[in-house]
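The structure appears below as structure tokens.
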Amino acid sequence: MTRKNLIPIFGDQLSPNISSLDQKKPDDCIILMAELDEETSYVRHHKAKIAYILSAMRHYARALQDRGWSVEYVKLNDPENSGSFTGEIARAIERHDIGAIRVTEPGEWRVMAMIENWEEKFGTPVTICPDSRFLATHQDFDDWAEGKKQLRMEFFYREMRRKTMLLLDDKGKPEGGKWNYDSDNRKPAKGSERTPQPIRFLADDVTGEVLDLVGRRFSHHPGSLEHFHFAVTHEEAMRQKRHFLDEVLPRFGDYQDAMLTGEPFLWHSILSPYINSGLLDPLDLCREVEGKYREGKVPLNAAEGFIRQIIGWREYIRGIYWREGPDYVERNFLNADRPLPDFYYTGETDILCLSEAIGQTLDFAYAHHIQRLMITGNFALIAGIDPQAVHRWYLEVYADAYEWVELPNTLGMSLFADGGIIASKPYASSGNYINKMSDYCQHCRYDVKQRTGDDACPFNSLYWDFLDRNQNKLQDNNRLAMPYRIWDKMDLDARNQIRSQAKSFLDAL
Ligand code: FAD
Ligand code: DLZ
Ligand code: SF4
């Protein structure tokens, strides 16, 4: 009898054509999938995130078995479960005659370090297959980055457009004459418009069992299971995708940066958990979006805006994660060290924009990009919250959060903790921006026009105080020249009032 390949498949590798299975036949392989303490508890993930991943894993294992693969599936409450990837590999090797291990590269440094030990530990050859669900390999990204002073997403994105030929005309020029329609993605939403809602998928027996398990075992983790609505199979994720393409995408471009009270989803796709765990293929999705544009069903600012997020931002963020290395997580350019306020875990604050973004996060394990960047992220930035604590929070609370994508977005894009590798200036703003892009301020107890006094919007004093506190690190940034000129021209009295307003607010946090 020939010795078998052992193929571990992780919870974010649920793609039908995952690269570790390429060229392999069911008869030669044992697939190993495991629900693990180590993975469910390395941070306190939102309950709905754990339930989504475990249910999707169980459905995926069944689908592989239906296609003839031998899948060993270890449940979380299996008494023999060792709790770790390495422990489960060891147990599988005891049960079977294993000649080799094949695995698709993992999404994070922590797991890569484990895998790199397996060959020596088990005395078995280990092949790490590149993750073919991404357009750019690590080498491609490094080749692009090599010798560049600044790694701006826009130029990387153009490379990816050329590589995929998405939205290019037959001469290789961008559709419509411009590469980027970002300036057409900034309409504030009007409260009177009806917004499409994501499909709520009903829990089948598998999901029901998982919800029960998670409710009991992770009651101390943040978030609620009450609103659990996720697709957990490829077929369901495809249905959510169709809904997005037909009902939502046409307005995606206009309202990408908008925020509305009581409207968590607006015209966003809500597809990131499925893309990141493998239920949907990102390139196929982009080709369908392009198809909608070519059929005349969606405008160019929607199609280009969406495709840019996936083949531009998503790929670029991954490239930065692997290029910067495992110590990226320790960066703290602005030396921010304030603890994360408790309200990030309860939503209980009278700051309405924050209670809206955090409340829906705890309910749905979801907030859209501008809420993550300009509400919870902006607040953490200008209040000087410790980047490690903020990083942990984002990794915990979003159903789409895996370190490779969450960390550069949080540490780099949102908190400027990498000193400007990703963002050319900190995404810091006063209440003015929030007021322009949302209706939150109309319902808030604070007055967005005031900088000081009991009713003043906290974002206003914190914004100026942030610039003041960090002047020695930020004043040479050209893109901040204007706000620093305004700050320097303010009379001393006004500046001192702002400083003391911010100090009292931060002392009371
Ligand atoms: P849509 O608005 O419909 O966008 C379409 C798709 O584009 C998304 O599904 C996603 O796959 C991709 N995308 C858009 N922006 C980004 C980006 N900046 N980086 C990577 N992909 C992007 N995204 C995650 O997938 N996981 C995370 O853990 C995560 N953490 C974030 C933390 C912070 C502080 C910030 C500012 C952003 C973070 N993002 C993260 C990016 C973005 O906010 C989410 O991808 C998006 O909100 C997901 O919702 P959606 O599917 O409705 O997105
Ligand atoms: C995020 C997550 C969770 C919560 N649980 C599991 C699990 O029980 N088993 C598993 O294989 N994967 C899980 N994951 C996803 C992994 O953390 C992710 O696949 C690795 O970090 C590799 O990037
Ligand atoms: Fe947020 Fe200030 Fe607007 Fe209130 S007034 S919602 S605190 S930006």
| request: Provide Rg over Rh for the chain; use the alpha carbon set for both Rg and the Kirkwood Rh (inverse mean inverse pair distance). | output: 0.98
| field | Quarter of Cα convex hull surface for the stretch 362-435, i.e. mean projection, nm² | value | 4.9
| task | Restrict the search to the stretch 120-177; then list the GluC sites (Glu not before Pro) that DSSP places in a loop and that have at most 11 other Cβ atoms within 10 Å of their Cβ. | result | E146
| Are there trypsin sites (Lys or Arg not before Pro) in the stretch 415-492 that DSSP puts in a loop and that have at most 12 other Cβ atoms within 10 Å, and which ones? | R445
| said: Limiting things to C-alpha atoms, what are the Rg and the maximum Cα-Cα separation (Dmax) for the stretch 417-509, in angstroms? | reply: 13.8, 38
| note | Hull volume per residue for the stretch 81-121, using the convex hull of the C-alpha atoms, in Å³ is 78
| said: What do you get for GluC sites (Glu not before Pro) in the stretch 216-321 restricted to DSSP loop and a cutoff of at most 16 other Cβ within 10 Å of the site's Cβ? | reply: E226, E295
| remark: Sorted largest first, the Cα spans of the stretch 129-278 on the principal axes come out in Å as 54, 48, 30
| Past the 18 Å Cα-Cα mark, which pairs from K425/K489; K4/K25; K24/K241; K149/K425; K187/K436; K178/K425? | K425/K489; K24/K241; K178/K425
| note | Proxy exposure order for M238, M482 (fewest C-beta within 10 Å first) is M482, M238
| remark: In debye to the nearest 20, the charge dipole size for the chain, taken about the Cα centre with +1 at each Lys and Arg Cβ and -1 at each Asp and Glu Cβ, equals 1320
| Most positive-pole-ward Cα, F218, A189, F244, against dipole of the stretch 128-260 from beta carbon charges | A189
| said: Can you bin every Cα-Cα distance in the stretch 226-301 into 5 Å intervals starting at zero and give me the percent of pairs per bin, rounded to whole numbers? | reply: 3, 15, 24, 24, 20, 11, 3, 0, 0
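Only the coordinates and a few stated rules stand behind these numbers; no lab work does. Quick caveat: nothing in here was measured; it's all calculated off a predicted structure. Ideal geometry is used to build each Cβ from the backbone, glycine not excepted, and the neighbour counts take in all protein chains shown.
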